[in-house]
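What follows is a single structure, written as structure tokens, with notes after it.
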Amino acid sequence: MHKFDLYIGRSVFWATLGVLLLLVGLDALTSVVDEADDMRDGYSFVDVLIYVGYTVPRRVHEFVPFAALIGALIGLGRLAASSELVVMRAAGVSMFSLSIMVLKPALLVAALGFSVGEFIAPHTEQLAMSHRALAQRSESAVAGRFGAWNRDGNTFVHVDAVQRGGIAYGVTLLSFDDGRRLQSTLMAERATHAGDHWMLEQVKLTRLESGATHVEEKTLWRWDTAITPQLLTLDVVEPETLPVLQLWPYAQYLKQQGMVFVDIELAFWRKLLQPLATLGLVLVAMSFIFGPLREGTMGARIFVGVIVGVVFRISQDFFGPASLIFGYDPMMAALLPIAMCWLGGAWLLWRRA
């Protein structure tokens with residue numbers, strides 16, 4: 001039994017790894033082509049390659065469930081084509097035992113993908129966003145094309161890019177009174193965090209006074225705020241790339257500020273439940289191999305895997321925004337597609353058993 005375990009595990013693991021490398025490579029190549037359309041002075045082809053290179057860990061994390069699905073179809077398909085699965089069943093290996101053998105390498109892949117998404121992708125994604133924003137930012141714009149907005153009381157904050165070490169670039173502050181009337185705007189080339197405040201450099205402050213404007217230019221300006229570099233980093237990157245341990249506190253902070261927070265909770269549950277999604281898709285792949293695809297060709301198996309992966313992604317994209325619109329629990333939106341995979345795969349395997 002131990003030999004069967006290792007044999008099936010190696011077959012599924014290496015097939016999954018190969019599919020993952022292929023999917024990530026194709027997606028990265030497509031991203032290079034898309035980013036090439038934005039090339040201009042300051043944002044060269046080398047910058048495009050650096051940006052895409054930084055985003056590779058995030059792509060690995062995203063494609064792990066789909067690679068596990070197609071990898072299981074390929075790995076088990078090879079064993080089915082050579083009748084090795086039939087021999088194992090004839091030797092007394094139950095369907096339940098075979099399922100455990102296949103889920104073990106899938107669990108390893110899921111754990112590796114979760115680790116990449118939790119400990120590597122958040123840092124590299126921040127570097128990617130900062131690199132692109134700095135290369136493409138316009139000094140004449142009030143708020144750059146990239147970056148994110150935040151709020152500190154009656155002051156709305158936009159930052160183009162944030163680097164590690166508490167350095168921000170392209171800071172814009174829009175201050176309003178209690179009647180929501182604009183009082184002043186401030187633009188700073190750079191900001192450095194200094195404990196309980198920020199020191200803004202190359203500041204241009206515009207005050208609106210009695211129908212007129214008053215402009216001041218300062219070399220340095222102290223900005224007292226509770227906003228930290230970590231919080232700005234959370235704003236700049238996409239929620240799906242943030243660590244699980246930071247997503248939930250960030251959602252609570254946005255809730256306290258009166259800002260939209262449900263999408264952060266949805267990203268939290270999706271990322272937390274991704275290993276279950278990976279195992280559910282592998283279970284579906286097993287049900288196909290022991291069922292309608294047992295005698296199918298390799299091309300047919302890959303095609304079915306792609307279709308199932310697309311349907312799973314569409315269901316995620318449907319239930320997620322639906323939770324934002326209709327107001328039901330984001331955890332349910334993240335759990336429903338996974339539950340359908342587990343129930344569908346288990347039911348098909350039970351029928352074959």
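Rule-based calculations on the coordinates, nothing more; no lab input. If you're wondering where the values come from, they're calculated on a predicted model, not measured in any experiment. Cβ atoms come from the backbone with ideal geometry, glycine included; neighbour counts cover every protein chain shown.
Can you return the aspartates and glutamates within cross-link range of LYS3? Criterion is Cα-Cα under 17 Å, with same-chain partners fewer than 8 residues away left out.
Hits, sequence-local ones excluded: GLU84.
Helix by helix, which DSSP H runs in the chain go 18 Å or more along their axis at the Cα atoms and have an average Kyte-Doolittle hydropathy of 1.6 or more?
On the way: long enough: 2-36 (50 Å, 1.00); 56-81 (34 Å, 1.03); 95-115 (30 Å, 1.83); 121-136 (22 Å, -0.49); 244-256 (19 Å, -0.16); 274-289 (23 Å, 1.84); 298-326 (41 Å, 1.43); 330-352 (34 Å, 1.01).
Helices passing the filter in the chain: 95-115, 274-289.
Using Cα-Cα distances under 8 Å and only pairs 6 or more residues apart, what relative contact order does the chain have, in percent? Provide the component values of the computation, followed by the final result.
Values: 563 pairs, mean separation 61.7, N = 353.
It comes to 17 percent, rounded to a whole number.
Over the range 154-225, what is the relative contact order in whole percent, taking alpha-carbon pairs under 8 Å and six or more residues apart? Provide the component values of the computation, followed by the final result.
Details: 161 pairs, mean separation 16.0, N = 72.
The value is 22 percent.
Subtracting the Cα-Cα distance from 0.36 nm times the residue separation, let me have the gained length for LEU107 to VAL86 in nm, one decimal.
Working: separation 21, 0.36 × 21 = 7.56 nm, distance 2.41 nm.
Length gained, LEU107 through VAL86: 5.1 nm.
Taking the simple approach of a point 7 Å from Cα along Cα-to-Cβ for both GLN257 and GLU209, what is their distance in nm?
Here the modelled spin labels are 3.0 nm apart.
Students often check this: by mean Cβ neighbours within 10 Å, which of 212-220, 227-235, 126-134 ranks highest, and how do the rest follow? Mind dumping the intermediate values first?
Details: 212-220: 10.1, 227-235: 18.6, 126-134: 21.1.
Averaged packing, sorted descending, gives the order 126-134, 227-235, 212-220.
Between the range 195-273 and the range 24-59, what's the alpha-carbon centroid distance in Å?
That distance is 26 Å.
Suppose R0 equals 35 Å; then what is the FRET efficiency for VAL32 and PHE303 from their Cβ-Cβ distance, rounded to the nearest 0.05? Intermediate results must be reported in sequence, preceding the final value.
On the way: r = 27 Å, r/R0 = 0.76.
It comes out at approximately 0.85.
With labels modelled as points extended 7 Å from the Cα through the Cβ direction, what inter-label distance (nm, one decimal) is found for GLU217 paired with SER97?
Reported label-point gap for GLU217 and SER97 is 8.1 nm.
Would you list, by chain and number, the lysines whose Cα falls below 23 Å from the Cα of LYS271, excluding same-chain residues fewer than 8 positions away?
Filter leaves LYS104, LYS255.
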